[in-house]
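A quick write-up on the structure given underneath.
The values are calculated or read from the model by the stated rules, or taken from the named source; none is laboratory data. Not measured: the values here are computed from a predicted model. Positions of Cβ are generated from backbone atoms using ideal geometry, with glycine treated the same way; all protein chains shown enter the neighbour counts.
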Amino acid sequence: MGHCGQFENNYSRRDFLRKTSLGLGALSLASLLDPGLLATNQMSGTGMIGPHFAPKAKRMIYLFQSGGPAQHDLFDYKPLLNKMNGQEIPESIVNGQRFTGMTAGQASFPLAGSHFSFKKYGQSGALFSELMPHTSRVADDLAFIKSMHTDAINHDPAATLILTGSQLSGRPSLGAWLSYGLGSENRNLPDFVVLVTKDKYGQPLYSRLWGNGFLPSHHQGVQFRAGKNPVLFLNNPPGVTDSNRASQLQYLNKLEQINLKETGDPEIEARMAQYEMAFRMQTSVPEIMSVEKEPEYIYDMYGPDAKIPGTYAANALLARRLVEKGVRSVQLYHQGWDQHGNLPAAITTQCKETDQPTAALITDLKQRGLLEDTLVVWGGEFGRTSYTQGQLSATNYGRDHHPKCFTIFMAGAGIKAGITYGKTDDFGYNIIENPVHIHDLQATILHLMGFDHKQLSYKHQGRRYRLTDQFGTVVKDILS
């Protein structure tokens, strides 16, 4: 096939009309209205997307507790479970709900009261388990949603749903949508950074949870790892200097510009933006990872693990440093909340690892004036059952997956501090007041970031996709 024939296959009449009438026209209009905005959007590869209205939040930190924290042992205290401990859960409460394959074969479903004591904290009177002594001190900065519910009953689809808006893989993640919509505040760091607690096991985490899906590849989350090479393949190989790499990029850019002119493929621009970002990150990443310059009182605030790279505490501190430098979205993943058995001991370990750093992060952001425009979200993909999985004893119990109700909390920009929203029944099994679906949560997050979730869309394979696909309602009662 000749050169012209190849061009015709790659570049259609529709592409030509779209790029000349909409592309050039939009660029011209943008340059007249706000040249600075045009430069920022070109740099970030986001096109002409921007907030639909003035945002309350400029950035987000999502503390994802992978596995499903047991709400009855942390925040959603149910005295009736302790009173009826060991008794069968009433069928009128279960009401035919399906169980997972892990408990469907059980002959009985005895209720399991929490082994942990609860108290009210702060002027808000929020209930906290004894497992959360540090987070309880920031009670008046938090907004609890105790009426979350989801459509998925197993980890993979549930995590995929809450982080991408669909149980099916292939959709852009929440952080990717924010990158696409808002671009970057720091051209030397990614829009979207992912931190995973090292050597922490549980349900597997997949990169699609922070992937770009069908959005340009620039918007995918970049995972920062502990150790000498926090970003894979970032450093120059032996024998290649910075000037060598700069020359390579210069010539590669010339070749890609020819390719772009011939094909009009926008992914070429996204790919080049990634190459250039990687080159700039060779300097910016070592600087941001150099936490040894933090004062000692900061380490004391985040706890004894804060000096151990890759721990939840160290990552929480790094999350603060990243948003302080203009990173738009940080997702911190902590595994191990999947306590089907041995819950009292296992959840105690989880809280020791996460309680103090979580409280420290909120306090640290607040004292630096960052909490007022940073949104913090804490929670998992679903909750746990009020009945035990397996044998119930005087010292031990487990809890199965429970999608019908669970608890998360939010803090920071645009959030009404010191409130509890939603309510579950006395068994902690069903929602009886103000249910909040996953899509409601996503719509609320986008609203705080300045977007109408029904309008933030991307056309792919002939249809326009959204994080929520237009489902969901902004939870206005939790907004300040």
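Among the numbered conditions (1) surrounded by 24 or more Cβ atoms within 10 Å (Cβ to Cβ); (2) among the aromatic types (Phe, Trp, Tyr); (3) over 21 Å from Leu81 (Cβ atoms), tell me where Tyr465 comes up short.
Among (1) surrounded by 24 or more Cβ atoms within 10 Å (Cβ to Cβ); (2) among the aromatic types (Phe, Trp, Tyr); (3) over 21 Å from Leu81 (Cβ atoms), Tyr465 violates only (1).
Do you know which residues across the stretch 89-111 are over 15 Å from Asn154 (Cβ atoms) and among the polar types (S, T, N, Q)?
Ser92, Asn95, Gln106, Ser108
So which strands (runs of 3 or more DSSP E) are wholly in the stretch 349-422 and hold at least 3 residues that are touching a Pro at 6+ places or on another chain (Cβ under 8 Å) and at pLDDT 95 or above?
Answer list for the stretch 349-422: 383-388.
Is it the case that the stretch 266-288 has a residue that's at pLDDT 95 or above and not in a loop (DSSP other than H, G, I, E, B)?
Checking the stretch 266-288: not a single residue is at pLDDT 95 or above and not in a loop (DSSP other than H, G, I, E, B).
For the stretch 164-196, what are the residues that are buried (at least 24 other Cβ atoms within 10 Å of the Cβ) and β-branched (Val, Ile, Thr)?
Thr164, Val193, Val194, listed by residue number.
Just to be sure I understand, how many residues within the stretch 68-88 are closer than 23 Å to Ala158 by Cβ, assigned to a loop (DSSP other than H, G, I, E, B) and not aliphatic (A, V, I, L, M)?
5
Here are Ser108, Ser147: which of them is more than 19 Å from Arg208 (Cα to Cα), assigned to a strand (DSSP E or B) and hydroxyl-bearing (Ser, Thr, Tyr)?
Within the list Ser108, Ser147, the selection yields Ser147.
For the stretch 420-439, which positions are aliphatic (A, V, I, L, M) and in contact (Cβ under 8 Å) with a residue 60 or more places away in the chain?
Ile431, Val436, Ile438
Looking at the stretch 440-453, can you tell me whether even one residue there is over 30 Å from Phe109 (Cα atoms), touching a Phe, Trp or Tyr at 6+ places or on another chain (Cβ under 9 Å), of a type in the set (Gly, Ala, Ser) and without any contact (Cβ under 8 Å) to a residue 60 or more places away in the chain?
Yes, that holds for at least one residue.
Would you mind stating whether Lys119 is farther than 19 Å from Gln350 by Cα, in contact with a helix residue (DSSP H, G or I) (Cβ under 9 Å, 6 or more places away or on another chain) and among the basic types (Lys, Arg)?
Spelling it out, Lys119 is indeed farther than 19 Å from Gln350 by Cα, in contact with a helix residue (DSSP H, G or I) (Cβ under 9 Å, 6 or more places away or on another chain) and among the basic types (Lys, Arg).
Going through the stretch 362-391 one residue at a time, which ones are over 23 Å from Gly202 (Cβ atoms) and in contact (Cβ under 8 Å) with a residue 12 or more places away in the chain?
If the condition is that a residue be over 23 Å from Gly202 (Cβ atoms) and in contact (Cβ under 8 Å) with a residue 12 or more places away in the chain, then Ile362, Thr363, Asp364, Leu365, Lys366, Arg368, Leu370, Leu371, Glu372, Asp373, Thr374, Leu375 are the ones that fit.
Would you check which residues across the stretch 314-330 are outside any helix (DSSP H, G or I) and either of a type in the set (A, V, I, L, M) or touching a Phe, Trp or Tyr at 6+ places or on another chain (Cβ under 8 Å) (or both) and list them?
Residues satisfying the conditions are Val327, Arg328, Ser329, Val330.
When the stretch 290-313 is examined, which residues are found to be buried (at least 24 other Cβ atoms within 10 Å of the Cβ) and under 25 Å from Ala57 (Cβ atoms)?
If the condition is that a residue be buried (at least 24 other Cβ atoms within 10 Å of the Cβ) and under 25 Å from Ala57 (Cβ atoms), then Tyr302, Tyr312, Ala313 are the ones that fit.
Within the stretch 418-433, does at least one residue satisfy the condition of being surrounded by fewer than 24 Cβ atoms within 10 Å (Cβ to Cβ), under 22 Å from the mean Cα position of the chain (by Cα), closer than 29 Å to Ile153 by Cβ and among the polar types (S, T, N, Q)?
Checked against the condition, which is being surrounded by fewer than 24 Cβ atoms within 10 Å (Cβ to Cβ), under 22 Å from the mean Cα position of the chain (by Cα), closer than 29 Å to Ile153 by Cβ and among the polar types (S, T, N, Q), the stretch 418-433 yields at least one hit.
Test of understanding: among Asp191, Asp199, which residue is of a type in the set (Asp, Glu), more than 19 Å from Gln65 (Cβ to Cβ) and touching a residue at least 60 places away in the same chain (Cβ under 8 Å)?
The conditions single out Asp191.
(1) within 26 Å of Gly336 (Cβ to Cβ); (2) small (Gly, Ala, Ser); (3) within 20 Å of the chain's Cα centre (by Cα): which one isn't true of Ser393, the others all being true?
Evaluating Ser393 over (1) within 26 Å of Gly336 (Cβ to Cβ); (2) small (Gly, Ala, Ser); (3) within 20 Å of the chain's Cα centre (by Cα) leaves (3) as the failure.
Right, Gly36: modelled with pLDDT under 50, out of contact with any strand residue (DSSP E or B) (no Cβ under 7 Å at 6 or more places or on another chain) and in a loop (DSSP other than H, G, I, E, B) or not?
Judged against the criteria, Gly36 is not a match.
Among the residues of the stretch 104-135, how many are on the phi < 0 side of the Ramachandran plot and in contact (Cβ under 8 Å) with a residue 24 or more places away in the chain?
Qualifying residue count, the stretch 104-135: 21.
Considering the stretch 152-207 alone, what residues qualify as being assigned to a loop (DSSP other than H, G, I, E, B), of a type in the set (A, V, I, L, M) and under 27 Å from Gln470 (Cβ atoms)?
Ala152, Ile153, Leu168
Tell me which residues, restricted to the stretch 109-122, are touching a strand residue (DSSP E or B) at 6+ places or on another chain (Cβ under 6 Å) and under 14 Å from Thr388 (Cα atoms).
Residues satisfying the conditions are Phe109, Pro110, Leu111, Ala112.
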